[in-house]
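The values are calculated or read from the model by the stated rules, or taken from the named source; none is laboratory data. Everything numeric in this text was worked out from a predicted model, so none of it was measured. With ideal geometry, Cβ positions are generated from the backbone for all residues, glycine too; neighbour counts draw on all protein chains shown.
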């Protein structure tokens, strides 16, 4: 559902993949997560969601959908290049923060 109607919000697999690759690509060490949070805000706004960043930096986008996403967006410092590996019909994402949440 989106914030403005009772119709489901269309998020394609390509949209989700792009968001994930972007988030893993954005450096986000602890207390420096603002750019990653802004990318999430942009994503939710593009899909007609009410969204905001609260006083402590959490991205909030309440909804009545059946999916709940809860995680952290900070990572430890370092430089691990983002790579998407083709494995037949699937893809494997490599990069800082891609497997720890």
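Quick one: residue 76 ticks every box in (1) modelled with pLDDT under 90; (2) touching a helix residue (DSSP H, G or I) at 6+ places or on another chain (Cβ under 9 Å) except a single one, so which number is it?
(2)
Considering segment 26-45 alone, what residues qualify as being under 19 Å from residue 10 (Cβ atoms) and at pLDDT below 95?
44, the sole residue that qualifies.
Would you pick out the residues in segment 60-75 that are within 21 Å of residue 27 (Cβ to Cβ) and part of a strand (DSSP E or B)?
Within segment 60-75, just 75 meets the criteria.
Of everything in segment 19-59 that's assigned to a strand (DSSP E or B) and over 19 Å from residue 82 (Cβ atoms), which residue is nearest to the chain's Cα centre (by Cα)?
Our first condition is that a residue be assigned to a strand (DSSP E or B); within segment 19-59, this holds for 29, 52-53, 59.
Keeping just the survivors that are over 19 Å from residue 82 (Cβ atoms) gives 52-53, 59.
Details: 52: 14, 53: 14, 59: 10 Å.
Ranking the candidates gives 59 first.
Output the residues belonging to segment 77-99 that are surrounded by 10 or more Cβ atoms within 10 Å (Cβ to Cβ) and either outside any loop (DSSP other than H, G, I, E, B) or on the phi < 0 side of the Ramachandran plot (or both). Break it down into steps so the answer makes sense when it comes.
In the first step, residues of segment 77-99 are kept if they are surrounded by 10 or more Cβ atoms within 10 Å (Cβ to Cβ); the result is 77, 80, 82-84, 91-98.
Within segment 77-99, 77, 80, 82, 83, 84, 91, 92, 93, 94, 96, 98 qualify.
Identify the residue in segment 39-59 that is out of contact with any strand residue (DSSP E or B) (no Cβ under 9 Å at 6 or more places or on another chain) and in contact (Cβ under 8 Å) with a residue 24 or more places away in the chain and, among all such residues, is surrounded by the fewest Cβ atoms within 10 Å (Cβ to Cβ).
Among them, the one singled out is 57.
Anything in segment 60-71 that is exposed (fewer than 15 other Cβ atoms within 10 Å of the Cβ) and modelled with pLDDT of 90 or more? List them, or say none.
Of everything in segment 60-71, just one residue is exposed (fewer than 15 other Cβ atoms within 10 Å of the Cβ) and modelled with pLDDT of 90 or more, namely 60.
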